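A.B. asks: There's a structure below that I have some questions on.
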Amino acid sequence: MFCIGRREFVTLLGSAAAAWPLAGRAQQPAMPVIGFLSSGSPRTFVNFLKAFHAGLSDEGFVERRNVAIVYRWAEGHFDELDALATELVAEGAAVIAATGGVRSAEAAKNATTTIPVVFVIGFDPVKHGLVASFNKPGGNLTGTTIIATELATKRLSLLYDLDPGMRNVAILVNPESRADVEIENVIVAARDTGRPLFVLRASSISEIDAAFASLAEQYLRALIISSDPFFMTRRAQLVGLAASHKMPVVYPFREFVDDGGLMSYGPNWPE
């Protein structure tokens with residue numbers, strides 16, 4: 001026989017109460033699991049995540065009520081996406097939402113040939129081998145393209161509208177992404193006007209700093225930010241550097257302007 005004091009009793013009671021819901025849930029049928037894979041971060045993809053939950057709700061699915069969502073965020077580290085996708089497969093995901101660019105979709109495709117994958121990208125999914133065609137995607141992947149990369153030429157023209165005599169414009173791209181088509185389109189558009197276009201590359205915080213430092217060294221007068229998810233995660237850094245360098249910059253999405261950027265042209269990503 002033993003005795004416990006009032007404080008110990010309250011502690012034990014609280015521990016037992018905390019365990020009851022877990023025991024109750026264990027007796028309930030398992031909820032279907034959605035695997036959410038993103039190259040971004042929950043902090044910088046808030047609007048996108050809200051839209052994702054709203055879309056699920058429209059179809060009758062509410063997180064923790066009748067569906068579970070397992071999140072995996074690469075936080076801009078594209079090399080981690082393959083491992084994160086494999087984790088979602090191991091978690092028993094019934095479907096994977098691959099968001100934040102082509103690399104997320106590719107990682108999900110590499111991880112499974114049976115689990116349905118729904119992607120959101122800014123590139124042509126046929127060109128990148130994600131699906132066989134728009135009408136008949138085939139395989140286990142389907143999704144939506146927001147055609148963001150094809151709008152890079154329009155962003156260039158906005159800078160020319162800002163200053164018709166402007167030359168020496170650069171585009172900042174992520175070398176770990178699939179930006180070849182976007183770069184090619186902008187270079188051709190600049191060449192058609194008889195003006196050069198420079199390509200700067202950055203896939204880390206320090207490389208973004210270095211890219212902006214090189215603007216003055218190369219006498220570059222304006223910058224286009226590529227529609228890459230990594231740059232979405234670095235919005236505050238990019239907008240701050242543009243201000244400190246007094247550099248006109250056109251961004252791919254409205255979120256940059258909401259954070260103080262000069263101007264943007266692109267689709268409504270959450271929509």
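Taken together, the values in this text are just the output of simple stated rules run on the coordinates, not laboratory data. Treat the numbers as computed from the prediction; the structure is a model and nothing was measured. Methodologically, a virtual Cβ is constructed for each residue, glycine included, from the backbone with ideal geometry; neighbour enumeration extends over all protein chains shown.
A.B. asks: Counting other C-beta atoms within 10 Å, and keeping those with at most 10, which DSSP coil GluC sites (Glu not before Pro) do you find in region 38-118? Write down the numbers at each step before the final one.
C.D. replies: Values: sites: Glu59, Glu63, Glu75, Glu80, Glu87, Glu91, Glu106; in loops: Glu59, Glu75, Glu91.
Answer by residue number: Glu59.
A.B. asks: So, one more: Between Lys136 and Val181, how high is the FRET efficiency from 1/(1 + (r/R0)^6) when r is the Cβ-Cβ distance and R₀ = 35 Å? Nearest 0.05.
C.D. replies: Details: r = 23 Å, r/R0 = 0.65.
After rounding to 0.05, the efficiency reads 0.95.
A.B. asks: So what is the 222 nm mean residue ellipticity for the chain from helices alone, if each DSSP H run of at least 4 adds -39500 (n - 2.57) and you divide by all residues, rounding to the nearest 500 deg cm²/dmol? Intermediate values should be presented prior to the final figure.
C.D. replies: Values: 10 runs with 111 residues, N = 271.
Computed mean residue ellipticity for the chain: -12500 deg cm²/dmol.
A.B. asks: Over the chain, what is the mean sequence separation of C-alpha contacts under 8 Å (at least six apart), divided by residue count, expressed as relative contact order in percent? Provide the component values of the computation, followed by the final result.
C.D. replies: Details: 455 pairs, mean separation 43.4, N = 271.
Computed over the chain, the figure is 16 percent.
A.B. asks: Something else: Assign one of three labels to region 190-234, namely rounded, prolate or oblate, based on the Cα gyration tensor with a ≥ b ≥ c the square roots of its eigenvalues; rounded applies when a/c is under 1.5, prolate when it is not and a/b is larger than b/c, and oblate otherwise. Intermediate results must be reported in sequence, preceding the final value.
C.D. replies: On the way: a/c = 3.06, a/b = 1.48, b/c = 2.07.
Oblate, because a/c is 1.5 or more while a/b does not exceed b/c.
A.B. asks: Another one. Computed from the coordinates I sent, Rg/Rh (Cα atoms, Kirkwood Rh) equals one of [x] 1.11; [y] 1.03; [z] 0.93. Tell me the label.
C.D. replies: [x]
A.B. asks: Among Val173, Val131, Leu88, which residue has its Cα positioned farthest towards the positive end of the charge dipole of region 70-178, with +1 placed on the Cβ of Lys and Arg, -1 on the Cβ of Asp and Glu, and the dipole taken about the Cα centre?
C.D. replies: Going by the Cα projections, it comes out as Val131.
A.B. asks: Here's something else I'd like to know. Strictly over 31 Å apart at the Cα level, which of Lys50/Lys154; Lys154/Lys246; Lys50/Lys246 would you flag in this model? If you can, show how the numbers build up before the last one.
C.D. replies: Values: Lys50/Lys154 28 Å; Lys154/Lys246 22 Å; Lys50/Lys246 33 Å.
Those over the limit are Lys50/Lys246.
A.B. asks: For region 47-200, with only Lys/Arg (+1) and Asp/Glu (-1) charged at the beta-carbon, what is the dipole magnitude about the Cα centre, in debye rounded to 20?
C.D. replies: Working: 14 positive and 19 negative charges, 57 e Å.
In debye, rounded to 20, region 47-200 gives about 280.
A.B. asks: If you add up the charges near Met166, with Lys and Arg at +1 and Asp and Glu at -1, over every other residue whose beta carbon is less than 10 angstrom from its beta carbon, what do you get? Could the numbers behind the result be given before it?
C.D. replies: Values: positive: Arg167, Arg195, Arg221; negative: Asp161, Asp163.
Cβ neighbours under 10 Å give a net charge of +1.
A.B. asks: Please give the charge dipole size of the chain, origin at the Cα centre, charges +1 on K and R Cβ atoms and -1 on D and E Cβ atoms. Round to the nearest 20 debye. Write down the numbers at each step before the final one.
C.D. replies: On the way: 24 positive and 28 negative charges, 91 e Å.
Dipole of the chain, to the nearest 20 debye: 440 debye.
A.B. asks: If you line up the long axis of helix 235-244 against the longest principal axis of the chain, both from Cα atoms, how many degrees apart are they, to the nearest 10?
C.D. replies: 30 degrees
A.B. asks: What do you get for chymotrypsin sites (Phe, Trp or Tyr not before Pro) in region 167-250 restricted to DSSP loop and a cutoff of at most 12 other Cβ within 10 Å of the site's Cβ?
C.D. replies: Numbers: sites: Phe198, Phe212, Tyr219, Phe230, Phe231; in loops: Tyr219.
Sparse-neighbourhood loop chymotrypsin sites (Phe, Trp or Tyr not before Pro): Tyr219.
A.B. asks: Region 155-241: percent of C-alpha pairs farther apart than 20 Å? Kindly include the intermediate steps, with their values, before the conclusion.
C.D. replies: Values: 1201 of 3741 pairs.
Beyond 20 Å sits 32 percent of the P(r) for region 155-241.
A.B. asks: Just how large is the dipole of region 128-183 about the Cα centre, in debye to the nearest 20, putting +1 at every Lys and Arg Cβ and -1 at every Asp and Glu Cβ? Spell out each step's value before the answer.
C.D. replies: Details: 5 positive and 6 negative charges, 31 e Å.
I would put it at about 160 debye.
A.B. asks: Something else: Can you pull out the trypsin sites (Lys or Arg not before Pro) in region 47-129 that DSSP calls coil and that have at most 10 other Cβ atoms within 10 Å? Write out the running numbers ahead of the final one.
C.D. replies: On the way: sites: Lys50, Arg64, Arg65, Arg72, Arg103, Lys109, Lys127; in loops: Arg64, Arg65, Lys127.
Loop-located and lightly packed - Arg64, Arg65.
A.B. asks: Obtain the nm distance between the two label points defined at Asp82 and Ile147 by a simple spin-label model: each point lies 7 Å from its Cα along the Cα-to-C-beta direction.
C.D. replies: Placing both labels 7 Å beyond Cα along the Cβ direction yields 3.3 nm.
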